[in-house]
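Single-structure report; data block below.
The values are calculated or read from the model by the stated rules, or taken from the named source; none is laboratory data. Being a predicted model, the structure only gives us computed values, none of them experimental. Counting neighbours? That spans all protein chains shown, and the Cβs are built from the backbone with ideal geometry, glycine included.
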Amino acid sequence: MRIFPTLIALLLAALLLTAACAETRTDAHGNEITIDPDRQALSLATLPGADHAARKAETALGDFWADALRWFAVSGAINEAFEEDDVAAGITAIDADEDHIVALWNGGNLRADLPEGVFGEDALADILPYPNKVAVVYMSGAELLEALEAAAQGLPYTEETASACAAFMQVSGLKYTVDAAVPFQPGEAYGDHWFRAAAVARVEITEVNGQPFDPEAIYAVITSNANFNGMDSSYAFQAAAQARENSTITTAVVREVVWRYISEALGGTVGEAYAQPQGRIEVRE
């Protein structure tokens, strides 16, 4: 009888079929990523990210994405993602109360819609085609306010300001307004499209997790390694990270964190709560 060779052949065929079903793609930084075809979730609405949607105003996708980052910190799931050197230095959890934890995500890194209906990991890779990792930056309220002022300098959105508007921040855990009718006051040039903010003239933080904003308080800002390192207009993030040694970049890949939020916090369904923006940002023109 040839049962054993037959069994081996069947196993090999199954492995080949699985490999064929898996999708491999190259992200925007040249990294190869594998899409797990068995991971699927449901969205009850389309969350817009295409056509620079998140560079113009608050979006449902921006709310959802920032919520995933804040959930990662507040839930304690982030504790397992600190580097060994950080753990050795005593960084094992977020050093802030829950009401002082916020998340900021730049609209330029939301590149596609989250489609209504069943979707998989490939949808998240379309939205964020970069290998970003979750970072924590400890910032005073005043530094956070300046960061938002600088991030909103391109508003109101036009074709000419589209690149500058990539820095515009979607948020979780805070509310803020931008009076885009008031001119931005530019300081020193920063990169190709941005300036440092010479003054905070048109952004106001109206609340943080339901509490009054305190410019003297220290907030734990959950964001990406790119903002941590000063990408776009994020010079204030970089300066704050360098000034406070407990600021750090974790090992957690942002897309994986968002998938965990969907599966663990939302039960596999992006629900009606994300059908529309939730009123966190007001842009006045």
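Details
- Selection within the stretch 93-112 - farther than 23 Å from LEU155 by Cβ, touching a helix residue (DSSP H, G or I) at 6+ places or on another chain (Cβ under 6 Å) and not hydrophobic (A, V, I, L, M, F, W, C): GLU98
- If you go through the stretch 32-52 and keep only what is in a loop (DSSP other than H, G, I, E, B) and surrounded by fewer than 17 Cβ atoms within 10 Å (Cβ to Cβ), you end up with ASP36, PRO37, ASP38, ARG39, LEU44, THR46, ALA50, ASP51.
- ALA68 meets all of the listed conditions (1) closer than 19 Å to ARG255 by Cα; (2) in contact with a Lys or Arg (Cβ under 6 Å, 6 or more places away or on another chain) but one, namely (2).
- Residues of the stretch 256-279 that are closer than 18 Å to GLY173 by Cα and of a type in the set (S, T, N, Q): GLN276, GLN278.
- All of (1) closer than 11 Å to ASP232 by Cα; (2) in a loop (DSSP other than H, G, I, E, B); (3) in contact with a Leu (Cβ under 9 Å, 6 or more places away or on another chain) hold for PHE184 with one exception: (1).
- Any chance LEU144 is among the hydrophobic types (A, V, I, L, M, F, W, C) and within 18 Å of the chain's Cα centre (by Cα): yes
- One residue stands out among those in the stretch 37-82 that are in contact with a helix residue (DSSP H, G or I) (Cβ under 6 Å, 6 or more places away or on another chain) and at pLDDT below 95: the one that is nearest to VAL270 (Cα to Cα), which is ARG39.
- Counted residues, the stretch 72-98 - those being without any contact (Cβ under 8 Å) to a residue 60 or more places away in the chain and among the charged types (D, E, K, R): 4
- Looking across the stretch 144-181, the residues that are closer than 13 Å to SER233 by Cα and of a type outside the set (A, V, I, L, M, F, W, C) come down to GLU146, GLU149, GLN153, GLY154, SER163.
- PHE213 vs. criteria of a type outside the set (Val, Ile, Thr) and either without any contact (Cβ under 8 Å) to a residue 12 or more places away in the chain or within 22 Å of HIS52 (Cα to Cα) (or both): no
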